[in-house]
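Structure, as structure tokens:
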Amino acid sequence: MRKTIKRAGPPLLLLAPSLILVGVFVYGLIAVNVQTSTTDIHTAAQTTGEEPFTTVWFDNYLDLLGSEAFQHSLKNLLLYTAVFLGGTMVMGFLWAWLLERPIKGESVFRSVYLFPMAVSFVASGVVWRWLLNSGQDESATGLNRLFQMVGLDFLQNNWWNNVDYGITAIAIPAIWQLSGYVMALFLAGFRGIPPELREAARVDGATTWQLYRLVLFPQLSPVALSALIIIGHMSLKSFDLIMSISKPANYQTKVPAVDMYLFKSSFDYANAAAVGTILLVLVALVVVPYLVRTNRKER
């Protein structure tokens, strides 16, 4: 027992500062946030202590989940996540598949595809706000103007100003920005497959399509899962890109992160904390099963 303690002592001392910081500034603040979400702090006076506040437990959550506005935000989040995930996975995989085969100028294409990832969401949002302008016909700009110039007027639309599906338009710049990252993940997966597997499949008489479908693609399932988890949790927390394109916050593009910002701006800390907790639970539902699965594999 003493030997075990002696062996564990130095590593624990080395990790202690990080453990303390994580415990206080991550889990401690999560606890404070959850505690705030169970109160009735909805005014500036209550935040300064001028007016008392009480514990209302889960009333804030029930009110939020029962409100039409927040349900619309959750629907927008679902639509945005579905389009964002589908677009980045498909585009990233196709680019990786093309670059996996030896072609001239591969490094140039790889750099071009990866470049958007180096741009901040706020900077790209300013540009895409103009590209996705809802003006049509004589007032058309951005993509609508491009469609008009090439004779594809029927493709003109009001983009993110659409009440029902406007949020899906904002997924377009998100796909443009992160498809390169997914491509890099899949390309690393392709390059990590042992060449012996390819040679063995060819010796067995497998065609090129059979080689990819039966040998190479199954090897990429861990990469695909990692990409889904990373992109999925990023989409659930999306805020800066949406606000950059549709600021001031519009009903048609509202998601829970935007609701949290608006609640906090009006000193409604209880509802802001409740939205934050809901987002935390949504992200945990995506990330925790992946972590458990990975931990079991390592054992």
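The values are calculated or read from the model by the stated rules, or taken from the named source; none is laboratory data. Small disclaimer: the values here were computed from a predicted structure and weren't measured. Counting neighbours? That spans all protein chains shown, and the Cβs are built from the backbone with ideal geometry, glycine included. Accessible surface areas use protein heavy atoms only, side chains included; no ligands, DNA or RNA. Shrake-Rupley method; radii C 1.70, N 1.55, O 1.52, S 1.80 Å.
Assorted remarks:
- Expressed per residue, the C-alpha convex hull volume of the stretch 1-118 stands at 292 Å³.
- Accessible surface of the stretch 156-299, 1.4 Å probe: 63 percent of it comes from carbon and sulfur atoms.
- Local net charge near Gly205, Cβ-Cβ under 14 Å (Lys/Arg +1, Asp/Glu -1): 0
- Probe 1.4 Å, protein heavy atoms only - accessible area per residue of the stretch 217-286 in square angstrom: 41
- Straight-line reach from Lys254: taking Cα to Cα under 16 Å and skipping same-chain neighbours fewer than 8 places apart, the aspartates and glutamates in range are Glu68, Asp164, Asp240.
- With protein chains left intact and a 1.4 Å probe, residues in the stretch 55-96 average 51 Å² of accessible area per residue.
- Using just its DSSP H runs of length 4 or more, each adding -39500 (n - 2.57), the chain gives a mean residue ellipticity at 222 nm of -22000 deg cm²/dmol after division by all residues.
- Qualifying chymotrypsin sites (Phe, Trp or Tyr not before Pro) for the stretch 45-102 [loop in DSSP, other Cβ within 10 Å: at most 13]: Trp57, Phe58
- Neighbour net charge for Leu99 - beta-carbon separation under 11 angstrom, K R +1, D E -1: +1
- Residues whose placed amide H lies under 5 Å from that of Thr39, excluding near-sequence neighbours: Val56
- Accessible surface of the stretch 10-109 [probe 1.4 Å, protein heavy atoms]: carbon and sulfur percent: 75
- For the stretch 226-299, the percent of C-alpha pairs falling in each 10 Å distance bin, counted from 0 to the bin holding the largest distance, reads 18, 40, 27, 12, 3.
- Net length available on complete extension from Ala188 to Ser139 is 13.1 nm, with 0.36 nm assigned per residue and the Cα-Cα distance removed.
- Each residue of the stretch 189-199 was assigned a 3J(HN,Hα) from its phi angle through the Karplus expression (A = 6.51, B = -1.76, C = 1.60, θ = phi - 60°), giving x, 4, 6, x, 6, x, x, 4, 5, 5, 5 Hz with x at Gly and Pro.
- Residue by residue, the stretch 32-39 carries 3J(HN,Hα) couplings of 5, 4, 5, 5, 5, 5, 9, 10 Hz when phi is fed to the Karplus relation 6.51 cos²θ - 1.76 cosθ + 1.60 (θ = phi - 60°); x denotes Gly or Pro.
- Hydrodynamic radius (Kirkwood) for the stretch 96-223, which is based on Cα pairs only, to one decimal in Å: 17.7
- Values (1) 22.9, 72; (2) 24.3, 82; (3) 20.6, 64 are given for comparison; Rg and Dmax of the Cα atoms in Å, derived from the coordinates here, is the one labelled (2).
- Once the Cβ-Cβ distance of Asn162 and Leu78 is raised to the sixth power relative to R0 = 22 Å, the FRET efficiency obtained is 0.85.
- Accessible surface, per residue, of the stretch 97-173 when the full set of protein chains is kept, probe 1.4 Å, Å²: 61
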